[in-house]
Amino acid sequence: MVDVEFVPYPDRYLPPVPPERALATLHDALRRRRSVREFSDRPVPRAWIEWLVRCAHTAPSGANKQPWRFVCVQDPVVKARIRAGAEQEEREFYARRANDEWLSDLAPLGTDEHKEFLTVAPWLVVVFQLTKTDEGGQVYYLKESVGLACGMFLAAAQLAGLATLTHTPSPMAFLGDLLGRPAHERPFLLIPVGHPADGCRVPRKALERRPLDEVMVVV
Ligand code: IYR
């Protein structure tokens with residue numbers, strides 16, 4: 001047996017109210033999250049973004065390799081370059097790459113190749129997945145790990161009253177080049193973060209959730 005040091009589980013969290021109440025409160029916050037595409041340019045302090053990354057960074061990961069990097073962009077010049085790169089890919093996507101089924105699935109969301117939010121939102125958080133650790137070691141369950149961290153990031157932003165969008169310009173390789181990231185970092189998700197614009201609208205279709213008994217099976 002490998003000699004592993006075990007310690008008593010420190011700081012175990014217990015909700016300050018009964019679990020059902022804690023969960024109902026959490027659910028009420030989470031269910032009101034929307035993918036926002038109309039952002040305000042109102043600033044968000046860097047300290048808040050640091051908290052979001054700290055929250056995301058609590059995620060479990062394969063062999064605790066923490067195979068993620070959160071590149072947080074506030075520089076307007078860099079945001080403008082990201083927007084130009086994303087809009088170029090999206091023009092290609094909407095004109096040629098997407099098939100008819102994909103385009104008809106997207107129609108109720110009202111999206112197109114214009115991505116104004118990429119220059120309006122005060123922060124663009126570009127999440128990279130690390131295909132190797134910085135030391136060159138292996139990583140495991142990469143998509144699962146980074147996906148979990150992103151979920152926690154979105155939940156944290158929601159609890160802070162901030163708006164987010166999970167944006168995936170595709171292909172995303174331009175983000176690595178533009179941000180000067182090393183070859184072992186692959187773009188995973190682009191998350192604009194900020195406050196919703198005054199009068200921000202969301203598509204009605206985005207409000208719908210299938211009933212619980214369609215998504216949950218108890219055996
Ligand atoms: N990346 C494109 C298209 C797009 C794809 C999916 I799947 C969406 O849920 C939303 C949009 C865009 O951002 O417009």
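Residues with amide H under 5 Å of Phe39's amide H, sequence separation 5 or more or different chain, H placed in the peptide plane at 1.01 Å from N; which?
Those qualifying (amide H under 5 Å, at least 5 residues apart or on another chain) are Ala197.
Select from the range 94-200 those trypsin sites (Lys or Arg not before Pro) which occupy a DSSP coil region and have at most 13 other Cβ atoms within 10 Å, ordered by residue number. Could the numbers behind the result be given before it?
Working: sites: Arg96, Arg97, Lys115, Lys132, Lys143; in loops: Lys115, Lys132.
Nothing satisfies the criteria.
HN-Hα J couplings of the range 125-138 from phi, Karplus 6.51/-1.76/1.60, θ = phi - 60°, integer Hz, Gly and Pro as x?
3J(HN,Hα) across the range 125-138, in whole Hz: 9, 9, 8, 10, 9, 8, 7, 9, 6, 4, 8, x, x, 6.
Exposed loop sites here are chymotrypsin sites (Phe, Trp or Tyr not before Pro) in DSSP loop states with at most 14 other C-beta atoms within 10 Å. What is the longest stretch of the chain lacking them?
Working: sites that count: Phe6, Tyr13, Tyr140.
Answer from the scan: 14-139.
Return the long-range amide H neighbours of Leu189 (sequence gap of 5 or more, or a different chain), with a cut-off of under 5 Å between placed amide H atoms.
When sequence neighbours closer than 5 places are left aside, the close amide H contacts are Val127.
Lysine pairs, Cα distance under 14 Å, 8 or more residues apart or cross-chain: how many in the chain?
Details: Lys65/Lys132; Lys65/Lys143; Lys79/Lys115; Lys132/Lys143.
Within the chain, the lysine pair count is 4.
For the residue pair Gln88 and Asp11, what label-to-label distance in nm results when each label sits 7 Å from Cα along the Cα-to-beta-carbon direction?
Inter-label distance under the simple model: 4.4 nm.
Suppose we take every Cα in the range 115-184 and form the convex hull; what volume per residue is that in Å³?
Convex hull volume per residue, Cα atoms: 113 Å³.
Within the range 1-91, which GluC sites (Glu not before Pro) sit in a loop by DSSP and count at most 12 neighbouring Cβ atoms inside 10 Å? Before the final figure, lay out the partial values.
Working: sites: Glu5, Glu20, Glu38, Glu50, Glu87, Glu89, Glu90; in loops: Glu5, Glu38.
Filter output for the range 1-91: Glu5.
Quick one: accessible area per residue over the range 35-197, 1.4 Å probe, rounded to a whole number of Å²?
Details: 8250 Å² over 163 residues.
Result: 51 Å² of accessible area for each residue.
Got a number for carbon plus sulfur as a percent of the chain's accessible area, 1.4 Å probe?
Working: 7760 of 14320 Å².
Answer for the chain: carbon and sulfur cover 54 percent of the accessible area.
Beyond 11 Å, what share of the Cα-Cα pairs of the range 1-41 remains, rounded to the nearest whole percent? Walk me through the intermediate numbers first.
On the way: 641 of 820 pairs.
Of all Cα-Cα distances in the range 1-41, 78 percent exceed 11 Å.
Show me the trypsin sites (Lys or Arg not before Pro) within the range 12-90 that DSSP assigns to loop and that have at most 15 other Cβ atoms within 10 Å of their Cβ.
Values: sites: Arg12, Arg21, Arg31, Arg32, Arg33, Arg34, Arg37, Arg46, Arg54, Lys65, Arg69, Lys79, Arg81, Arg83; in loops: Arg12, Arg32, Arg33, Arg34, Arg37, Lys65.
Counting only loop positions with at most 15 other Cβ atoms within 10 Å, the trypsin sites (Lys or Arg not before Pro) in the range 12-90 are Arg12, Arg32, Arg33.
Given N residues in the range 161-205, what is its alpha carbon radius of gyration divided by 2.2 N^0.38 Å? Spell out each step's value before the answer.
Working: Rg = 14.1 Å, N = 45, 2.2 N^0.38 = 9.3 Å.
This ratio for the range 161-205 stands at 1.51.
Give me the dipole magnitude in Debye, nearest 20, for the chain about the Cα centre, with unit charges on the beta carbon: positive for Lys and Arg, negative for Asp and Glu. Could the numbers behind the result be given before it?
Numbers: 28 positive and 28 negative charges, 76 e Å.
Computed about the Cα centre, the dipole is about 360 debye.
Just name one of Leu212, Asn64, Val120: the one whose Cα is farthest towards the positive end of the charge dipole of the chain (beta-carbon charges, Lys/Arg +1, Asp/Glu -1).
Val120
Run lengths n ≥ 4 of DSSP H only: what is the helix-derived mean residue ellipticity at 222 nm for the chain, with -39500 (n - 2.57) per run over all residues, to the nearest 500? Each step should come with its number before you reach the end.
Working: 8 runs with 80 residues, N = 219.
The per-residue figure over the chain is -10500 deg cm²/dmol.
With viscosity set to 1.567 mPa s and temperature to 4 °C, compute the Stokes-Einstein D of the range 145-219, Rh being the Kirkwood radius across alpha carbon pairs; µm²/s, no decimals.
84 µm²/s
I need the shape label for the range 20-146. Rule: rounded when a/c is under 1.5, else prolate if a/b > b/c, else oblate, with a, b, c from the alpha carbon gyration tensor. Don't skip to the end; give the middle numbers.
Numbers: a/c = 1.40, a/b = 1.25, b/c = 1.12.
Since a/c stays below 1.5, the shape of the range 20-146 is classed as rounded.
Short version: what are the Cα gyration tensor semi-axes of the chain, square root of 5 times each eigenvalue, largest first, in whole Å? Don't skip to the answer; put the middle values down first.
Values: eigenvalues 176, 121, 72 Å².
Working through the eigenvalues yields semi-axes of 30, 25, 19 Å.
The values are calculated or read from the model by the stated rules, or taken from the named source; none is laboratory data. Just so it is clear, the model here is predicted, and its values are computed rather than measured. All Cβ positions, glycine included, derive from the backbone under ideal geometry; neighbour counts span all protein chains shown. The area values use the complete protein model at the heavy-atom level, side chains included, leaving out ligands, DNA and RNA. Shrake-Rupley method; radii C 1.70, N 1.55, O 1.52, S 1.80 Å.
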